[in-house]
Amino acid sequence: MSKQKISNWGGYPVVESEIIKMNHPGTFSGKRGDTIARGLGRSYGDSSLAETIVDVTGIDRFLAFDDETGVLRCEAGVSFATILEFFVPKGWFLPVTPGTKFITVGGAIASDVHGKNHHKEVCFGNWVSEMKILLASGETVLCSPTEKSDLFYATIGGMGLTGIILEAEFALKKIETSFIKQEALPAENLDTVMRLFDESKEFTYSVAWIDCLAKGKNLGKSILFRGEHANLIDIKDTPFANTPLFYHNKGMLGVPFNFPSGSLNSLTIKLFNGFYYMMNKMKGSGITHLDPFFYPLDAIANWNRIYGKKGFLQYQFVLPLSNSRDGMREVLQAIAVEGRGSFLAVLKLFGKQESMISFPQEGYTLALDFPIMPGLLKFLTKLDEIVLKHGGRFYFTKDSRLDPDTFKKGYPRLAEFLEIKKKYDPDGVFSSRQSKRLELT
Amino acid sequence: MKNCLIIGAGSDVAKALAVEFAKEGFNLQLAGRNVEDIGKTAADLQIRYGIKVETLYLDVLKFDTHPDFFNNLNPKPEVVVAAAGLLGDQKVTERDQSATLRVINTNFTGIVSLLNEFANYFENQGSGSIIGISSVAGDRGRMKNYIYGAAKAGFTAYLSGLRQRLSRKGVEVLSVQPGFINTKMLQGVETPKPLTAEPEQVAKMIYNGFRSKKHVIYTPGYWRVIMFIVRSIPERIFVKLDL
Ligand SMILES: Cc1cc2nc3c(=O)[nH]c(=O)nc-3n(C[C@H](O)[C@H](O)[C@H](O)COP(=O)(O)OP(=O)(O)OC[C@H]3O[C@@H](n4cnc5c(N)ncnc54)[C@H](O)[C@@H]3O)c2cc1C
Ligand SMILES: NC(=O)c1ccc[n+]([C@@H]2O[C@H](COP(=O)([O-])OP(=O)(O)OC[C@H]3O[C@@H](n4cnc5c(N)ncnc54)[C@H](OP(=O)(O)O)[C@@H]3O)[C@@H](O)[C@H]2O)c1
């Protein structure tokens, strides 16, 4: 087998790996200590990179659907885009979705992804009732909250380290239309946006975009978007009244090549953020299709390439609720002072979540993008300190640079997770570049 | 609603072709050995396209079961696709009689035994379509895979004769001559990337060939040219080549 260069969404790091395409569930021959499953590579860093990568996207069949309860069973390589394409027209939507639909069901479970409804509906894993997993021994097992529950809960958020998810069963959510009633509320600073989040707790969806370059009394200037699925009655006077479940996988506007590194300097970001702020301030409320509401970036395929060849880093952390205000302020100040604006800065209030190894916990989370430039790593280390000082933690699926200690501090149940991994993978077949870097395997 | 039967439905090309037929509203009968896996494909197509899909056990090598397999089919399909095939290991087939027979019987004798049933039925009825997936390997025997190639050559000749017999009776026969396809058949075999097609691409070509009532298609079309050249090489030169 020949090796291939490969990287995930951030374009960094790039590794040379042997890629095994899993076409037939149950066939796999990984190398000890260096094998990891990979979905659509929408994690940003090295979570799904290893010497041997098992590409699971080829197993992508729907296996059963109950149109009474909405419970869907499918193979792990099925993408969210495919689920939407076939189920939105039938009146069903994903229970939880991240900001891109180009991820697999396996990836959604392994990262235990969250969406704009975390405060009400938790993570994707919360909706999973059963999984079929291929273990390191080659054995295929079923697990659920009642059967091999240790494996089940360690696999949710377990970043592929317990085995390869082959199948999963989870509930879809009934919708009357494919439209969203959206409100966009401008907030002049951090206090206002946090107040808006509090006031929006009853909304199913909420998220805010922050202008990271705003300083002083405007620190944390942002727009909060909140929304609900529109019912038939909400769209009866719109042009969509006769096509309430309209869904179309339209062709995307691609970014065909890498921009020169540095094309995204702080001026561009300023313009972009300013423009976005303006646009949405004017837009206010209205009915919008679920695609632009949930996946604004998917409309531009390969938008990650605007960061140029060197790629970029995502940085996402969550702070406990009690420290969120002070912590966020400190982080935003540090960013504004540096003038190292992030193209995208997304703020969200998480609800409560009990989990072993999943990222979310009650409090505010901030996700930032930084183009890779000299001095960035040093700057991020400074942010790490602020986050740790406030008792925060980091998201595996976005990380490609943290050191083991910084990472581990945020996850009190890590030891328990590693015990279960050891039980189901005693020889340590599964590990990623990330799990090695973080000294988990 | 028309029915399409696929023989060897576990094949990667067959799976992709099933999607093409399903999209056009055909009901499907998926036949093969690995009924558990085929059952999953059936569930998927049912959920996606809202068509009826039946899973049937069939082993091409079990000749004596073929008449019953045909008789039990209900309804009888309007279209039959023969996708089952076995490449085998050339080096092994050179020395092991049972391996040789397995390759020949899977690609040729077994398929012929099955297709004869449908040919007669379609002839009587005055309608129907047969799609046979052969291979460019049958266009000229090469030392790398001539047992497989010989079986496919036999199958290609069979389809050609069948077409001549049935085309005057309102029955269509399509011969498909694929080049390299990125399927499990070629797992572990190194093939030139630019000449290796994806099963989905080949499936679309087969469906279009069927729709436009073609007789013989190469998938992709450039294989017609490649094989014309390969066939034109004089034998005294050919014997020295490592092609
Ligand atoms: C534009 C954009 C927006 C995003 N927004 C959000 C967001 O709002 N919320 C959020 O939570 N995430 C978000 N993400 C991150 C993304 O949802 C996750 O990284 C997700 O896990 C990617 O899934 P994937 O199929 O691409 O998996 P990959 O990136 O290929 O892999 C991710 C992890 O899943 C594991 N894995 C994949 N398949 C399997 C399997 N079958 N069995 C076992 N393990 C497996 C891998 O080993 C790896 O550890 C976003 C990403 C992008 C690019
Ligand atoms: N791949 C190529 O490069 C290529 C090139 C030219 C032609 N072709 C031809 O294309 C067709 C499809 O092949 P593919 O590429 O899709 O390969 P494939 O995925 O390996 O499919 C071959 C299928 O044939 C089935 N089969 C073998 N013996 C059988 C038997 N005795 N009874 C029932 N089914 C049997 C196999 O079933 P099991 O799952 O039970 O094993 C398998 O599903 C074949 O006829 C092949 O010869 C392929």
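Annotations for the structure displayed:
- Listed residue (B:F108, B:Q29, B:V53) projecting farthest to the positive dipole end of the stretch B:2-132, Cβ model: B:V53
- Annotation: extensible slack from B:N72 through B:T191 equals 38.8 nm (criterion: 0.36 nm per residue apart, minus Cα-Cα distance).
- With all protein chains modelled, accessible area of A:H390 [1.4 Å, Å²]: 20 Å²
- For A:L232, the accessible area of its heavy atoms, probed at 1.4 Å with every protein chain present, is near 90 square angstrom.
- Taking every alpha-carbon pair under 8 Å whose residues sit at least 6 apart, chain A reaches a relative contact order of 19 percent.
- The label point for B:R95 and the one for A:S149, both projected 7 Å from the Cα toward the Cβ, are 5.7 nm apart.
- Take the Cβ atoms of A:L414 and A:E199, set R0 to 35 Å, and the FRET efficiency comes out at 0.50.
- Pairs beyond 20 Å (Cα-Cα), from B:K52/B:K169; B:K15/B:K169; A:K378/A:K398: B:K52/B:K169; B:K15/B:K169
- Dipole axis of chain A (+1 Lys, Arg; -1 Asp, Glu on Cβ), positive-most option in A:T365, A:V331, A:P89: A:V331
- The alpha carbons of the stretch A:27-104 occupy a box of 44, 28, 16 Å along the principal axes, longest dimension given first.
- Whole-angstrom gap from the stretch B:128-159 to the stretch A:345-423, using each part's C-alpha centre: 58 Å
- Rounded to the nearest 10 Å², the accessible area of B:Y146 at probe 1.4 Å: 100 Å²
- Separation of the stretch B:225-243 and the stretch A:57-123, taken as the distance between their Cα centroids, equals 52 angstrom.
- Three principal axis extents describe the C-alpha atoms of the stretch B:3-109; from largest down they are 48, 27, 22 Å.
- Mean separation of Cα contacts under 8 Å, 6 or more apart, over the residue count of the stretch B:1-59: relative contact order %: 36 percent
- A simple spin-label model places pseudo-atoms 7 Å from Cα toward Cβ; at A:D427 and B:V230 they are separated by 4.0 nm.
- Values of log10 I(q)/I(0) for the stretch A:107-204 across q = 0.10, 0.11, 0.18 Å⁻¹ run -0.41, -0.48, -0.86, by the Debye formula with one identical scatterer at each alpha carbon and no solvent.
- Inverting the pair-averaged 1/r between distinct Cα atoms of the stretch B:3-238 gives 18.1 Å as its Kirkwood hydrodynamic radius.
- For the stretch A:287-441: rounded, prolate or oblate by the Cα gyration tensor [a/c cutoff 1.5]: rounded
- Over the stretch A:59-178: Kirkwood hydrodynamic radius from C-alpha pairwise inverse distances, Å: 14.3 Å
- Between A:S285 and A:D326, full extension at 0.36 nm per residue minus the direct alpha carbon distance yields a gain of 11.7 nm.
- Nearest-20 debye value, the stretch B:3-238 charge dipole, Cβ charges on Lys, Arg, Asp, Glu: 740 debye
- Rel. contact order, % - alpha carbon contacts under 8 angstrom, at least six apart, chain B: 18 percent
- For the stretch B:158-205, the C-alpha radius of gyration sits at 1.57 times the compact-globule guess of 2.2 N^0.38 Å, with N the residue count.
- Global size of the stretch A:166-234 as Cα Rg and Dmax, reported in angstrom: 16.0, 51
- Kirkwood hydrodynamic radius computed over the protein assembly as shown comes to 27.7 Å, based on all pairs of distinct alpha carbons.
- Within chain A, longest stretch clear of exposed GluC sites (Glu not before Pro) (DSSP loop, no more than 10 other Cβ within 10 Å): A:203-353
- Here A:K120 is the anchor, and the lysines within straight C-alpha reach of less than 22 Å, apart from those fewer than 8 places off in the same chain, are A:K101, A:K173, A:K174, A:K181, A:K201, A:K348, A:K352.
- Largest accessible area first, the residues A:W127, A:W303 order themselves as A:W127, A:W303 under a 1.4 Å probe with ligands, DNA and RNA left out.
- Antiparallel DSSP beta bridges within chain A, as percent of all bridges there, nearest 5: 85 percent
- Kirkwood-based shape ratio for the stretch B:59-121, expressed as Rg/Rh from alpha carbons: 1.06
- Dipole magnitude (debye, nearest 20) for the protein assembly as shown, charges at Cβ of Lys, Arg, Asp, Glu: 1920 debye
- Euclidean distance between Cα centres, the stretch A:209-226 to the stretch B:172-200, Å: 54 Å
The values are calculated or read from the model by the stated rules, or taken from the named source; none is laboratory data. What you see is a predicted model; the values in this text were computed from it and never measured. Every residue, glycine as well, gets a Cβ built from its backbone with ideal geometry; the counts of neighbours run over all protein chains shown. Ligands, DNA and RNA are excluded from the accessible area calculation, which covers all protein heavy atoms including side chains. Shrake-Rupley method; radii C 1.70, N 1.55, O 1.52, S 1.80 Å.
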